[in-house]
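The values are calculated or read from the model by the stated rules, or taken from the named source; none is laboratory data. Keep in mind that what you see is a predicted model, and the values were worked out from it rather than measured. In this analysis, Cβ positions are derived from the backbone assuming ideal geometry, glycine residues included, and neighbour counts consider all displayed protein chains.
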Amino acid sequence: MKTPSQRDLSENLWPSRFFPFHPSYLQFFSKNRRLHSVSVMASSSSLVDLSLKRVSIIPLQEEEELAVSYEGPLIDEAEVDTRWSIVGRFLMDTPIDYMVMQNLMVVLWKPGMGMYVKELGGNKYIFQFYHETDIQRVMDMSPWTFKNSPCIFERLKPGDVPREVPLHHLDIWVQLHDIRSGFKTERVVWDAGKYIGGFIKSDENNFNGFWRDYLRVQVRLNIEKPLKHRMKLQQIGGDWFWIKFHYKFVLTFCFICG
């Protein structure tokens, strides 16, 4: 049995099971305080489990750099059917309550076959429908708003990566006012649509025989550019006049800075 002085000395010389060691030799004191050496393979980094009966050495391999290339896009939203899906974002700076937004859009869009919403981050969302009629109604009745902020969206095409789809355009209906008699033609509607941004289609009721104060055209706006609010027309040899544009539900858009 050890004397108190021997026990104290041994414990002081053996502070822990794990301690720094030389790359080539690991030295330790045994119970009888005689010096022993255990040969260890030199390694830049090793994990040593040391006890009085055995020494375990687990070398850690140097990390290797690996470069992998893939052909074609990698889509992590594999569960999304791009046939009837749109990716969109809202023109607002404040955080969005995901559940409130999702419930409100379901109420507004009324998808007959249901709808699935996935949050992508960065104020981007995927809205997946299950029938062409549902997604087409959403696109035809654009713009849609949440808390007075328009929803900017694009319909996904096969091969699209939802997070990488640019969202800079808004499809919107525009009223054309102050059109003089003789100028209420499909050609004028088309020219006005191209001038505003990009012509999509004319209202099918524009020329149904009823007198209307204005015509309607659906256009694609670039939200990074200022809105146009009028266009100048003239019949050759006649006077110039202005037609004015009234935009539907553009509540947060600036005519000057876009």
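Brief remarks follow.
- Subset of the range 57-95 (residues that are among the aliphatic types (A, V, I, L, M) and at pLDDT 90 or above): ILE86, VAL87
- Within the range 215-243, being surrounded by fewer than 16 Cβ atoms within 10 Å (Cβ to Cβ) and among the polar types (S, T, N, Q) holds for ASN222, GLN234, GLN235.
- Test result for VAL138, touching a helix residue (DSSP H, G or I) at 6+ places or on another chain (Cβ under 8 Å), in the same structural domain as VAL217 (by the TED database) and under 28 Å from LYS225 (Cβ atoms): no
- Any hit, the range 122-135, residues being out of contact with any strand residue (DSSP E or B) (no Cβ under 9 Å at 6 or more places or on another chain), outside any loop (DSSP other than H, G, I, E, B) and more than 14 Å from VAL106 (Cα to Cα): yes
- Meets criteria (in a loop (DSSP other than H, G, I, E, B), at pLDDT below 90 and surrounded by 17 or more Cβ atoms within 10 Å (Cβ to Cβ)) for SER142: yes
- Condition broken by ASP134, with the remaining ones in (1) at pLDDT 95 or above; (2) in contact with a Lys or Arg (Cβ under 8 Å, 6 or more places away or on another chain) satisfied: (2)
- Of all the listed residues (VAL107, VAL117), the sole one being surrounded by fewer than 18 Cβ atoms within 10 Å (Cβ to Cβ), within 20 Å of the chain's Cα centre (by Cα) and of a type in the set (Val, Ile, Thr) is VAL117.
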